[in-house]
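Here the structure is laid out as structure tokens; the discussion comes afterwards.
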Amino acid sequence: MKQMILMLGAALLSTSAAAVDGRWAGERCSAIMPSEAEIDLIERDFSAFKARRINTRRGLFRAPASVEIPVWFHVISQGSLPDQGNVPMDQIDDQMVVLNDAYAGTPFVFTLEGVTRTTNPVWYANPDAAKSSLRVGGAETLNIYSANPSGGVLGYATLPWGYSANPDADGVVVLYSSLPGGSAAPYNEGDTGTHEVGHWLGLYHTFQGGCRGAGDSVDDTPFERSPAYGCPVGRDSCKGPRKPGDDPVDNFMDYVDDFCMIRFTLDQSERMDAMHAQYRTP
């Protein structure tokens, strides 16, 4: 059952979203990726986990729409108006539709359990400061915080292997105007949320590692030298016979405009499933 918790604090002004000629001009994602040495340890542990699942005949891939992820949505604003971050309920509902559409075909279904509303100008600019007070549930619960993070960023997320060390920090942060119908064009169709939830479920960016090494640790996404912006279909930034295929610019884990993001690959879905089983299944 959806519950509404209203939490009110002092209201002051904060910085506004960065835009140039009506187009969002800030950073696409500021999720902190692990170092190469950390990735090596994470991936070795992940491989061992998958091997154990095979040995116990539990399998690696659960059926589509078989895993329900409870969602708490925390609206952090600097005032009572939508352009002060107080997004209306219909935008939150639309964001949930976008998430479930994007993850159709994966094991995951997202169910909105509750919404909190907090007016706090400090948290509005620094939503991480709100997490210890607002966060609900355990590793299995997705907490989404909409705010206006300082530094001009659309969103960021924690990765699943970090939960045990700092559970209060866990969750996804999105710019309030990136929700469907918001003002952060061309990133206002809700796929900032889709992208950040991908990190929360264990995906790297498609351009992780550039043209070398293991890339994003997913076999069916072509290597990509750097983030793609706009919608540069046909771009091939890692050339040569050992790096076949155009850049995956239609993938939710790139930096392209929202309309250009349309898919996860099968191997990404399988990785998210196994990561969820390892880190987010009670």
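The values are calculated or read from the model by the stated rules, or taken from the named source; none is laboratory data. In this text the structure is predicted, and so the values were computed from the model without any measurement. Because the Cβ atoms are built from the backbone with ideal geometry, glycine has one as well, and the counts that use them run over all protein chains shown.
So, V153, is that one of a type outside the set (S, T, Y) and surrounded by 16 or more Cβ atoms within 10 Å (Cβ to Cβ) or not? I'd like the intermediate steps shown before the answer.
Working: of a type outside the set (S, T, Y): yes; surrounded by 16 or more Cβ atoms within 10 Å (Cβ to Cβ): yes.
For V153, the condition - of a type outside the set (S, T, Y) and surrounded by 16 or more Cβ atoms within 10 Å (Cβ to Cβ) - is met.
Is it true that S237 is surrounded by fewer than 20 Cβ atoms within 10 Å (Cβ to Cβ), on the phi < 0 side of the Ramachandran plot, part of a loop (DSSP other than H, G, I, E, B) and assigned by TED's automatic domain parsing to the domain that holds G85?
Judged against the criteria, S237 is not a match.
Restricting the search to the range 240-277, which residues are of a type in the set (D, E) and either exposed (fewer than 15 other Cβ atoms within 10 Å of the Cβ) or free of Cβ contacts under 8 Å to residues at least 12 places away in the same chain (or both)? Working first, answer last.
The initial filter retains those residues of the range 240-277 that are of a type in the set (D, E), namely 246-247, 250, 254, 257-258, 267, 270, 273.
Scanning the range 240-277 gives a single hit, D267.
Out of everything in the range 97-111 that is under 20 Å from T192 (Cβ atoms) and surrounded by 19 or more Cβ atoms within 10 Å (Cβ to Cβ), what residue ends up being nearest to the chain's Cα centre (by Cα)?
L99
Please list, ordered by first then second residue, the pairs with beta carbon atoms under 7 Å, 6 or more apart or interchain, first in the range 62-85 and surrounded by fewer than 16 Cβ atoms within 10 Å (Cβ to Cβ), second of a type in the set (A, V, I, L, M, F, W, C).
A65/V109; E68/V109
Scan the range 219-227 and give yes if some residue there is in the same structural domain as G79 (by TED's automatic domain parsing), assigned to a loop (DSSP other than H, G, I, E, B) and surrounded by fewer than 20 Cβ atoms within 10 Å (Cβ to Cβ), otherwise no. Steps first, please.
Of the residues in the range 219-227, the ones in the same structural domain as G79 (by TED's automatic domain parsing) are none.
Checked against the condition, which is being in the same structural domain as G79 (by TED's automatic domain parsing), assigned to a loop (DSSP other than H, G, I, E, B) and surrounded by fewer than 20 Cβ atoms within 10 Å (Cβ to Cβ), the range 219-227 yields no hits at all.
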